1. Could you calculate the contour length gain from E379 to T157, that is, 0.36 nm times the residue separation minus the distance between their Cα atoms, to one decimal place in nm?
2. Name the residues of the stretch 181-198 whose amide N is less than 12 Å from a point 7 angstrom out from the Cα of T2 along the C-beta direction?
3. Using a simple spin-label model with points 7 Å from Cα along the Cα→Cβ vector, what separation in nm is obtained for L370 and M341?
4. Calculate, in nm to one decimal, what N73 and S324 gain on full extension: separation in residues at 0.36 nm each, minus their alpha carbon distance.
5. For the pair K403 and S62, how long in nm is the line joining their label points, each one 7 Å along Cα→Cβ?
6. Go through the stretch 371-381 residue by residue and turn each phi into a ³J(HN,Hα) via Karplus (6.51, -1.76, 1.60, θ = phi - 60°); whole Hz please, and just put x for glycine and proline.
7. Given 5 Å bins starting at zero, what is the percent of C-alpha pairs of the stretch 221-415 in each, up to the one with the largest pair distance?
8. I need the chymotrypsin sites (Phe, Trp or Tyr not before Pro) found in the stretch 164-234, filtered to DSSP loop residues with at most 12 other beta carbons within 10 Å of theirs.
Amino acid sequence: MTTLPSGLRVITDQVASVESVAVGVWVDVGTRHEDLKDNGVAHMVEHMMFKGTPTRSALEISEQIEDVGGQMNAYTSREITSYHMHLLKEDLPLAMDVLADIIQRPSMPDDEVERERGVILQEIGMTLDTPDDLVFDNYQETAYPEQALGAPILGRTDIIEKMQRDTLLDYVRRFYTPSRLVISVSGNTDHETVTGLVSKLFTDLPQDHKFDPAAASYSGGHHRTEKELEQAHVVLGFSGVSRGDNDFYDAALLSTILGGGMSSRLFQEIREKRGLVYSVFAHHSPYQDDGQFLIYAGTGPDKLPELMPVLCDEIGKIQQNIVSEEELSRAKSQIRAGLLMGRESMMNRANQQAKHLLHCNEIIDLDKKLSKLNAVSTENIRTMAQKVFVSKPTLAALGPLDKLEGYESLAKRLAA
């Protein structure tokens, strides 16, 4: 990893045995950095960065990468935005040139803004028509009300309809600055080559401005949306731990044991033994300064009266009883395998090392991660369960809900 005089960081991961490189720009900015009145600006900027520069049209950007067989994509999350490409090793200079152009000189012409506005409104519409996505947006807003961390990543229809070009360009000037950017490359190249390209091409970035997002404030509560559907979708969540917390792997292992696969407690008890759901899982989602522990279940409305007590019983059991060494070993193997098998993808390697550098301000150390994972004990899991599940629950439900017990009743059941 090299930090250039501007503050821009460059990190490379050389893998000489492959024929390709994954390269991208990761930006330390996402939905939680927005003003609520401009919700969706981070995501709309991500779309618009591919829509032309003074020297390249939107079509030319895509054609130049695809002409050499490359692939490009981007994503916006609550804390990070990424623009990345995967292509043959000899085409790295082209990829870097295109990335430097779109990041530093986006033109965002008015006609393209209007076209992409329509695309994003369709994307929002797709989410509104997808209940197992929408219920998570409802959950997020309930867990973090009146704050950007709780706002939908895609933005709200009424805001996107009015989003102006100046708002998009101002957002880029405020946040796409050297200290917030990481250039990450993984594959068949070397650090000197990459650093030389970045030093030559990334010379027109805006000046740094200090900005710290508001601290996360988990609230808890409930959100119910009655809708005529075949299934009821339920998300039950609790306050978790942050990404840098010493107990991060305790929470990750707890979620794996409880609902991380087909051998997990929730899957076995709720789906395999009782046939109450098609899908049920648990997931720990960390942020820079907070985290949340989520459980999702999708079920027929007639199964709700049996489902929720069983789900609460499983939460109670993992708080009261130490998990077996066999369960813990299986969960560790699942996480370890995910970490190691992910190393087989150049794109995953570039993504993970960039995110780790942005979040932790250090180069990723896989041995250190595995050491922390292996150090977690069965008692640590019970302690984490007792810590997580005593927080105020958040319940989001969508679908035919007349047989779903009330929030207060559920909260009392969990506290019993």
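Where a number appears in this text, it was derived from the coordinates with a stated rule and is not lab data. Since we're looking at a predicted model, the values are computed, not measured. Neighbour counts are summed over all protein chains in view; Cβ atoms, including those assigned to glycine, are modelled from backbone coordinates with ideal geometry.
1. On the way: separation 222, 0.36 × 222 = 79.92 nm, distance 4.69 nm.
Separation in residues times 0.36 nm, less the Cα-Cα distance, equals 75.2 nm.
2. 190-198
3. That separation, rounded to one decimal, is 1.6 nm.
4. Values: separation 251, 0.36 × 251 = 90.36 nm, distance 4.23 nm.
This chain segment gains 86.1 nm when fully extended.
5. Roughly 4.6 nm, to one decimal.
6. Values, residue by residue: 5, 5, 4, 5, 7, 6, 9, 4, 5, 4, 5 Hz.
7. Spelled out per bin, shortest first, that is 1, 7, 15, 19, 19, 15, 11, 8, 4, 1, 0.
8. Values: sites: Y171, F175, Y176, F202, F211, Y218; in loops: Y176, F202, F211, Y218.
Hits after loop and neighbour filter: F211.
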